[in-house]
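None of the figures in this text is laboratory data; all of them are computed from the coordinates on show. Since we're looking at a predicted model, the values are computed, not measured. Note: ideal-geometry Cβ built from the backbone for every residue, glycine included; neighbour counts use all protein chains shown.
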Amino acid sequence: MIKKLFDWTPRDVAAWEKIRGKGFRHFVGWYGVAITGGGLFIILGGATFLIWLGRTLGDQAGLTGARWLFLALQLLFVVLFCLVGGVINSLITWAVEERLYRKYKPPQVNQG
């Protein structure tokens, strides 16, 4: 299974060329921030909210302004964590994919 991930076919090369053609910034923005960071936020932010809600509703004090502020600060931390994690993931993915692309791309024919 692992060998398949690192043994590209011409179809894999063509797929990466299509992604690569959109540019590095687009890749980091879309794959890193939107998909990876957004997915992490849905999971971690949802878990943070549900844990906060369970603790808050189980307490006698109820929903106070200070508790809402605490939730907002927690979610801000989660957002920053997810953005940084998504960007780091996209940078590593780009580096690995570029290395594989250079290894498996067909040689350029010089028309001279």
With helices defined as uninterrupted DSSP H runs, which ones in the chain have an alpha carbon span along their own long axis of at least 20 Å and mean Kyte-Doolittle hydropathy of at least -0.5? 38-57, 65-104
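Given only helices, namely DSSP H runs of n ≥ 4 each adding -39500 (n - 2.57), what is the per-residue ellipticity at 222 nm of the chain, to the nearest 500 deg cm²/dmol? Present the calculation step by step, with values, prior to reporting the outcome.
Numbers: 5 runs with 80 residues, N = 112.
Mean residue ellipticity, 222 nm, calculated: -23500 deg cm²/dmol.
Using +1 on the beta carbon of Lys and Arg, -1 on that of Asp and Glu, and nothing else charged, what's the dipole of the chain about the Cα centre, debye to 20?
Numbers: 13 positive and 6 negative charges, 83 e Å.
That gives the chain a dipole magnitude of about 400 debye.
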Mean separation of Cα pairs under 8 Å and 6+ residues apart, divided by the residue count of segment 9-103: what relative contact order is that in percent? 47 percent
Which percent of the Cα-Cα distances in the chain go past 26 Å? 44 percent
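Check the chain and count each lysine pair with an alpha-carbon distance under 18 angstrom, considering only pairs eight or more places apart or from different chains. Intermediate values should be presented prior to the final figure.
Details: K3/K103; K3/K105; K4/K103; K4/K105; K18/K103; K18/K105; K22/K105.
Summing the qualifying lysine pairs gives 7.
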